[in-house]
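Single-structure report; data block below.
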There are 2 protein chains.
Amino acid sequence: MNGADRLCDGLLANDVDVCFANPGTSEMHFVAALDRKPQMRCILGLFEGVVTGAADGYARMAGKPASTLLHLGPGLGNGIANLHNAKRARTPMINIVGNHATYHRQYNAPLNSDVETLAAPMSDWVRSTESATEIGADLNDAWIAAVGTPGVATLILPADTAWNDVPDAPVARAQRPAPRPFEAAVAAQVRQAISRGMRVALLLGAEALKGKALEIAGRIAAHSGVRLLCQTSVARAERGAGRVVVSPLPYRIEAAVKALENVDMLVLVGEDEPVAFFAYPGRPNKPARPDAAVIEYAPPGADLLEALGHLAQELGAERAQAILSRAELPEAPQDGALTGELVTQLVARMLPDQAIVVDESITAGWRFGEQARGAAQHDVLDLTGGAIGIGLPLSTGAAVACPDRKVVCLQADGSGMYTIQALWTQAREQLDVVTVVFANRTYSTLHGEMRNVGVNDFGENARRMLNLDTPALDWVALAKGHGVEAARAGTVAQFTQLLASAIGRKGPFLIEAVI
Amino acid sequence: MNGADRLCDGLLANDVDVCFANPGTSEMHFVAALDRKPQMRCILGLFEGVVTGAADGYARMAGKPASTLLHLGPGLGNGIANLHNAKRARTPMINIVGNHATYHRQYNAPLNSDVETLAAPMSDWVRSTESATEIGADLNDAWIAAVGTPGVATLILPADTAWNDVPDAPVARAQRPAPRPFEAAVAAQVRQAISRGMRVALLLGAEALKGKALEIAGRIAAHSGVRLLCQTSVARAERGAGRVVVSPLPYRIEAAVKALENVDMLVLVGEDEPVAFFAYPGRPNKPARPDAAVIEYAPPGADLLEALGHLAQELGAERAQAILSRAELPEAPQDGALTGELVTQLVARMLPDQAIVVDESITAGWRFGEQARGAAQHDVLDLTGGAIGIGLPLSTGAAVACPDRKVVCLQADGSGMYTIQALWTQAREQLDVVTVVFANRTYSTLHGEMRNVGVNDFGENARRMLNLDTPALDWVALAKGHGVEAARAGTVAQFTQLLASAIGRKGPFLIEAVI
């Protein structure tokens, strides 16, 4: 067998059996090896941003890493924006990047570049395998880094390490790393703070936003009067009727400051301290009150169920009754002009049970969270790193991971154009994704930000950089071009009917909501 | 005025008056400053790969740099593949990347990343401006690096260096750097080699493939019997009837070795030594005969007109008559099934005078070069760095630079999908580009490369990673979705008629050639 076969065996031994790929010449031996392993599901993306974003969506829902396959520095470059998002989501991922043969790199061939340097900023772990015989151990180290951090592990595969022979040897799967420790002593601090009358909030992230851990957080909240918060954008949260409500911090720094003004102690549970997305002249960098205590209880990658259980015990909240969101669908008009707010309201009303909602609606869909509090139970996957162009790929990967659940993608038009090629993968794999495009035909966020810097009257240059009209994108044609059925809605009645029919059938469908 | 205004003034003072842009929040002050400068032409790309590829195409044709405007690490990441191509083309470019305010970077906000590290591999020069007062000097250094290398200069612009005030002061334009020196003594070596019966070839690049320099190379060839060669892919070459013929080295290493087997001395004139695109087990890394002399005469960035003039003088070739390509159009059938070879044959036949041909046809259009030897005079712009996804952006930028010339883009389908958003910019700016898509619905190159590694029978995984069918992309719908008119041709007669009509009108048009 050769190094590439060894790599495939190692992936499968570690239960990594989906490979999102866009290969090139230097990865042909790896492609040939994958071809000899029909138990590996290989999914082509027509652009690498699709590949990395889909691997992110897959892992967020499957709870285990997928592998990617990227072609040299430029292929990695094309995937970097969504690797950034994956790193920020703390998504486990094994990113495999082909490279020139070790002995060919010195000649600086046209496709040569410094792949390791390029990979570093958006990876939690990087290694170039320099010999076929090391590929098994390197892959296991990559898997441990991906799962243990959790995060993006980038393994660079020079062509000759793939094609050189290795001895036939049994493949050992890697030892799963222990969860990272949490600061158990913090629980007593929290108890004392509450008893002294301090107003406490838990900032929940990662596994604390799901299942039993979330429920325990709800008991703590109900029993001890602590507030439950999360970051503005989260990797994955379980929401809807019958679940504990966690309030996201607002995006705008002024509003986030206000949301935290009554918090004397902010306890981090699987999350980092919140900071402003951007700096603005004369405004704060962080939303927490400067005199508030911000305390790390458990890092991401810790056993958050155990950490919350320990805290509940300390506070005597173990048997408390969590307050759960009531089943309550938002009212909606029968007809009339469509707005972003109405689109999300209708989606919330009509959401099927256990849907996966991928939210890259940016400004247009910002009310969805509160509108869907009482909706059917669903998971929300957000844009975690602010690098737009994740919605369509993330939906693609989530649908691969959960073929029995409906994926609803709330997609801003400007962001959707970044990685529109994901629609083709949805068509090819017949993935069950309904994409709702908010066609406002501007970079709407940036209009607000321009007003923030004091510009209200736009000249020609600003208009042409912030608006997407002239010409308007025709999303129905774009979807059709990629092999996905689509239709346009300009009214509430049209949208309601299209969404009902899209939800009622299987397979990809796109609705252009003109707002 | 603020730092952003100072930056705009500096760009304009250095005659950089086109900015290909995709801005975000951290660049709003720069956008506002551009808005105050109507003499700066701002062109929006809906994806950063369009932005950097268009800046490349613009500079190759305008002979001076454009500026880009990219949003933080992820925006830069999206543009990296085409920056790689630009760096390999030695295209002068001023790449401006916004970043968080200097004092906000420490908080590691969601969009934070190590922009300098990310920029390094695909830039010839990188600097982060750390104060508004330094922005003028930094911009001039960037311009000097871009023009002098020539290559990609990346200037990182933290938001506060854009918004902080600077004193109103006159803006000094940068001093153009002197051309890099060439090794004048090599000319005598070449003369002696020829007189000793050595078979000499000149490998021409950069300015040596254009105008008077090319003509002098032709005189040298005619007088002294040296061969004129160039790399497989070149940044820009002037070709067609009445011009000196320069033969590109073949892509495949075996064929390139054969092309150089009779060359005893290879003289580099504005070009690096050729190397194999990829390594293959048991095949050479370089095409030149191991015992051949490979001599650098003039680096890219040298005054190649002067260098070739000096060589001509040394050889006594100054008054020789260069052999020019005869006007001779390839024959073509009237009708029948379309093939890649027929598409390029028809394009060569019908090419209007002074067209700009952007060639990312990869395998399907490989015969165009020889077919167009006797065609109307044209410029060819190639994919220089092997990072696919440059054709549509490069065409976009070339059309901005040369509004009076027809741009014909020969576009492979797989590669075209990488940066298809460029079509929207062509529609918005009403650029005069005819795109011919070679719809073979596979990564055809990779089929060949799989056979190269010994795989002839593809299984399901390989088929699904190398083929673009199921579903077939509908390029007519894709173009329409972006606002570009389009039609499909399946026969020679249909293609001929569509191409004639597309050439006969102004504005963007796309032909899907099903081959």
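The values are calculated or read from the model by the stated rules, or taken from the named source; none is laboratory data. Bear in mind the structure is a predicted one, so any value in this text is a computation, not a measurement. For neighbour counting, all protein chains shown are included, and Cβ atoms are generated from backbone atoms with ideal geometry for every residue, glycine included. The accessibility values were calculated without ligands, DNA or RNA, using every heavy atom of the protein model including side chains. Shrake-Rupley method; radii C 1.70, N 1.55, O 1.52, S 1.80 Å.
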Reported set for segment B:13-27 where residues are in contact (Cβ under 8 Å) with a residue 40 or more places away in the chain, out of contact with any Leu (no Cβ under 7 Å at 6 or more places or on another chain) and either in a loop (DSSP other than H, G, I, E, B) or among the aliphatic types (A, V, I, L, M) (or both) is B:13, B:14, B:15, B:16, B:18
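Filter segment B:430-445 for residues that are assigned to a strand (DSSP E or B) and not polar (S, T, N, Q); which is surrounded by the fewest Cβ atoms within 10 Å (Cβ to Cβ)? Give the steps one after another, and end with the answer.
Our first condition is that a residue be assigned to a strand (DSSP E or B); within segment B:430-445, this holds for B:433-439, B:442.
Applying the additional criterion that residues be not polar (S, T, N, Q) yields B:433-434, B:436-439.
On the way: B:433: 28, B:434: 24, B:436: 27, B:437: 33, B:438: 28, B:439: 26.
Result: B:434.
Out of B:342, B:305, which single residue is of a type in the set (A, V, I, L, M, F, W, C), away from chain A (no Cβ under 14 Å), outside any loop (DSSP other than H, G, I, E, B) and under 30 Å from residue B:421 (Cβ atoms)?
On the way: B:305 fails: under 30 Å from residue B:421 (Cβ atoms).
After applying the criteria, what remains is B:342.
Yes or no, residue by residue, for (1) within 23 Å of residue B:380 (Cβ to Cβ); (2) in contact with a strand residue (DSSP E or B) (Cβ under 9 Å, 6 or more places away or on another chain):
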residue: B:218; (1), (2): yes, yes
residue: B:224; (1), (2): no, yes
residue: B:232; (1), (2): yes, yes
residue: B:238; (1), (2): yes, yes
residue: B:247; (1), (2): yes, yes
residue: B:264; (1), (2): no, yes
residue: B:268; (1), (2): yes, yes
residue: B:271; (1), (2): yes, yes
residue: B:284; (1), (2): no, no
Condition set open to solvent by 20 Å² or more (accessible area, probe 1.4 Å) and within 23 Å of residue A:83 (Cα to Cα), scope segment A:2-24, selection farthest from the other protein chains (Cβ to nearest Cβ): answer is A:15
Considering residues that are open to solvent by 10 Å² or more (accessible area, probe 1.4 Å) and part of a helix (DSSP H, G or I), the number found within segment B:349-376 is 5
So for segment A:112-133 (the condition being of a type in the set (Phe, Trp, Tyr) and open to solvent by 40 Å² or more (accessible area, probe 1.4 Å)), does at least one residue qualify? yes
Notebook entry, point to check: Do we have residue A:105 as within 14 Å of chain B (Cβ to nearest Cβ), more than 12 Å from residue A:7 (Cα to Cα) and surrounded by fewer than 23 Cβ atoms within 10 Å (Cβ to Cβ) here?
Noted result: yes
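I'd like to check something: does segment A:61-74 contain any residue that is more than 10 Å from every other protein chain (Cβ to nearest Cβ), outside any loop (DSSP other than H, G, I, E, B) and either without any contact (Cβ under 8 Å) to a residue 24 or more places away in the chain or over 17 Å from the mean Cα position of the chain (by Cα) (or both)?
We begin by selecting, within segment A:61-74, every residue more than 10 Å from every other protein chain (Cβ to nearest Cβ); these are A:61-68, A:70.
When the remaining residues are screened for being outside any loop (DSSP other than H, G, I, E, B), the result is A:61-62, A:67-68, A:70.
Okay, now just the ones that are also either without any contact (Cβ under 8 Å) to a residue 24 or more places away in the chain or over 17 Å from the mean Cα position of the chain (by Cα) (or both), so A:70.
The answer is yes; a qualifying residue exists.
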Residue hits (segment B:273-306; free of Cβ contacts under 8 Å to residues at least 24 places away in the same chain, under 30 Å from residue B:177 (Cβ atoms) and open to solvent by less than 20 Å² (accessible area, probe 1.4 Å)) are none
Exactly one of A:397, A:416, A:385 is open to solvent by less than 10 Å² (accessible area, probe 1.4 Å), touching a helix residue (DSSP H, G or I) at 6+ places or on another chain (Cβ under 8 Å) and away from chain B (no Cβ under 13 Å), and that residue is A:397
Of the residues in segment A:425-452 that are free of Cβ contacts under 8 Å to residues at least 40 places away in the same chain and of a type in the set (A, V, I, L, M, F, W, C), the one that is nearest to residue A:52 (Cα to Cα) is A:446
When every residue in segment A:203-229 that is assigned to a helix (DSSP H, G or I) and charged (D, E, K, R) is compared, the one farthest from residue A:316 (Cα to Cα) is A:207
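Inspect segment A:468-482 for any residue being under 27 Å from residue B:26 (Cβ atoms), within 8 Å of another protein chain (Cβ to nearest Cβ) and either in contact (Cβ under 8 Å) with a residue 60 or more places away in the chain or of a type in the set (Ser, Thr, Tyr) (or both) and give the result as yes or no. Working first, answer last.
First, the residues of segment A:468-482 that are under 27 Å from residue B:26 (Cβ atoms): A:468-470, A:473.
Add one more test, that the residue is within 8 Å of another protein chain (Cβ to nearest Cβ), and what stays is A:468, A:470, A:473.
Checking the rest, the ones that are also either in contact (Cβ under 8 Å) with a residue 60 or more places away in the chain or of a type in the set (Ser, Thr, Tyr) (or both) come to A:470, A:473.
There is at least one residue in segment A:468-482 that is under 27 Å from residue B:26 (Cβ atoms), within 8 Å of another protein chain (Cβ to nearest Cβ) and either in contact (Cβ under 8 Å) with a residue 60 or more places away in the chain or of a type in the set (Ser, Thr, Tyr) (or both).
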task: May I ask you to verify whether residue B:322 is within 30 Å of residue B:367 (Cβ to Cβ), assigned to a loop (DSSP other than H, G, I, E, B) and in contact with a helix residue (DSSP H, G or I) (Cβ under 8 Å, 6 or more places away or on another chain)?
output: yes
Filtering segment B:419-429 down to residues that are outside any helix (DSSP H, G or I) and either facing chain A (nearest Cβ under 8 Å) or of a type in the set (Lys, Arg) (or both) yields B:420, B:421
Given (1) crowded, with 18+ Cβ neighbours inside 10 Å; (2) away from every other protein chain (no Cβ under 14 Å); (3) at pLDDT below 95, residue A:257 misses just (3)
Regarding residue B:204, is this residue under 21 Å from residue B:289 (Cα atoms) and open to solvent by less than 10 Å² (accessible area, probe 1.4 Å)? yes
